[in-house]
Amino acid sequence: MLRRDALRNIILASIGVSILPSCDFESFKTYQHLPLKKRQFRLIRAIQKTILPLGDVQAEIEEPSLDFMLKVINDCLSKKEINKYLQGLYKFENHIATLSDLNFDKQDVKEQLALIDMSFKEENTSTELNFFMKTNKELTVDYLSKSSYYQTTYFDYEFMPGRYLGCINV
């Protein structure tokens with residue numbers, strides 16, 4: 001009886017271990033006006049990292065750049081602009097699917113940059129795709145420019161209360 005239980009437990013454990021790597025535990029926030037799937041979240045994050053590769057720079061404000069950008073799009077853009085953004089996202093996904101078999105984030109950096117450069121050229125793309133890329137670029141740069149790292153490094157900004165120089169001759 002103990003052998004049967006041991007064999008059953010070993011088989012169950014091996015099945016669980018073989019299935020576990022295929023599970024996707026990454027979670028994303030849901031937004032009221034942005035019905036995005038996980039692959040679309042990953043695509044937008046890969047576009048952000050291609051547009052502005054931060055590397056080791058610690059530029060986190062209070063939230064990751066993807067959450068900042070999607071929150072701004074969800075809360076600040078009109079429904080018409082959100083639909084235009086989503087249409088641009090769908091067109092970019094279709095364009096990537098027609099050009100290569102790989103996902104955008106698995107491509108070489110040069111290929112990613114070529115796809116993004118193509119999307120910024122207005123004569124080759126639709127207005128939705130152009131709006132999608134320009135919005136991504138503007139909000140990614142806006143995120144970095146509002147970070148404490150950027151403010152203190154490039155603007156010599158000091159957060160409140162600043163310095164106190166009590167004994168200065170006037």
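Read-outs: derived from the displayed coordinates by stated rules, not from any lab. Given the structure is predicted, the values throughout are model-derived calculations rather than measurements. Cβ placement follows ideal geometry from the backbone for every residue including glycine, while neighbour counts extend to all protein chains displayed.
With label points built 7 Å along Cα→Cβ from the Cα atoms of residue 131 and residue 163, find their separation and express it in nm.
Between residue 131 and residue 163, the label points sit 4.8 nm apart.
Run the simple label-point estimate for residue 145 and residue 108 please: 7 Å along Cα→C-beta, distance reported in nm.
About 3.3 nm separates the two model spin labels.
Check each of the GluC sites (Glu not before Pro) in the range 65-130 and keep only those in coil by DSSP with at most 11 other C-beta atoms within 10 angstrom; list them in order.
The qualifying sites are 122, 123.
How large is ³J(HN,Hα), in whole Hz, for each residue of the range 138-151 in order, when computed from phi with the Karplus curve 6.51 cos²θ - 1.76 cosθ + 1.60 and θ = phi - 60°, using x for Gly and Pro?
Coupling constants for the range 138-151: 4, 6, 5, 5, 4, 4, 5, 5, 9, 6, 5, 4, 5, 5 Hz.
If I model a spin label at residue 90 and residue 39 as a point 7 Å from the Cα along the Cα→Cβ vector, what separation in nanometres do I get?
1.5
Quick one: length gained pulling residue 155 to residue 77 fully straight, 0.36 nm per residue minus the C-alpha distance?
Computed gain between residue 155 and residue 77 is 25.2 nm.
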